[in-house]
Amino acid sequence: MLDTAGDIASATLKGLSAVPVTGAGDSSGLWGTVDHPVRLFLADQATHLSVAPAALYAFWQLTGLLGLVGGFFGNAGARIAWVLFGIGSLAMIWSAAPVGGRAAATGLAALMWALASIFALRGLTLRPIVHNHPPQYQFNPALHLHATIPAPTPAGDDYDDEPGNIHPLQR
């Protein structure tokens, strides 16, 4: 199964590398304000790598989609991937957005990511789970002392020959 999974992953990555180069996309509108800096960042990073910018962009989108869908179904790994995807996206947008609109573009991306996180992180709670089920066993605490009591000494038998000494058990 691991060999087959490795073959599938290898074929997927080869397919992503063969994605044709597309235009930088429309940089206008709300989505373009968020998407265009990501495309610019990935294109800049791809010049230092042996992978096409379109393949990096497709992998970025695939990661976000898998994090969103897997998180919706409660997969913990997908939720972690979703959080890292959002943090990475915000960092890319901050570094590649024009200086004058950097804060606005990053803030808009954070709001969009927060809205999508409603679905990706649904059902996630930070409160501890408390189980109020009665126990399956009955616990009866009891103290059992096992002590031996020595036989009483005959009356008039002093502890010592000296008057006034009392036997230790008579104290």
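The values are calculated or read from the model by the stated rules, or taken from the named source; none is laboratory data. In this text, all values refer to a predicted model and were calculated from it rather than measured experimentally. When the accessible area is computed, the model is the full protein with side chains, heavy atoms only, and any ligands, DNA or RNA have been set aside. Shrake-Rupley method; radii C 1.70, N 1.55, O 1.52, S 1.80 Å.
Starting from the Cα gyration tensor of segment 32-108, take the square roots of the eigenvalues, sort them a ≥ b ≥ c, and report rounded, prolate or oblate (rounded when a/c is under 1.5, otherwise prolate if a/b is larger than b/c, else oblate). Please report the intermediate quantities before stating the final value.
Details: a/c = 2.62, a/b = 1.34, b/c = 1.96.
The shape class here is oblate.
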I need the phi-derived Karplus couplings for segment 72-79: 6.51 cos²θ - 1.76 cosθ + 1.60, θ = phi - 60°, integer Hz, Gly and Pro marked x. 4, 8, x, 6, 5, x, 5, 5
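Counting only heavy atoms of protein chains, what accessible area per residue, in Å², does segment 23-156 have with a probe of 1.4 Å?
Details: 9540 Å² over 134 residues.
It amounts to 71 Å² per residue over segment 23-156.
Leaving out ligands, DNA and RNA, what percent of the accessible area of segment 26-152 is carbon and sulfur, probe 1.4 Å? Please report the intermediate quantities before stating the final value.
Details: 6350 of 9060 Å².
On segment 26-152, the fraction of accessible area on carbon and sulfur atoms equals 70 percent.
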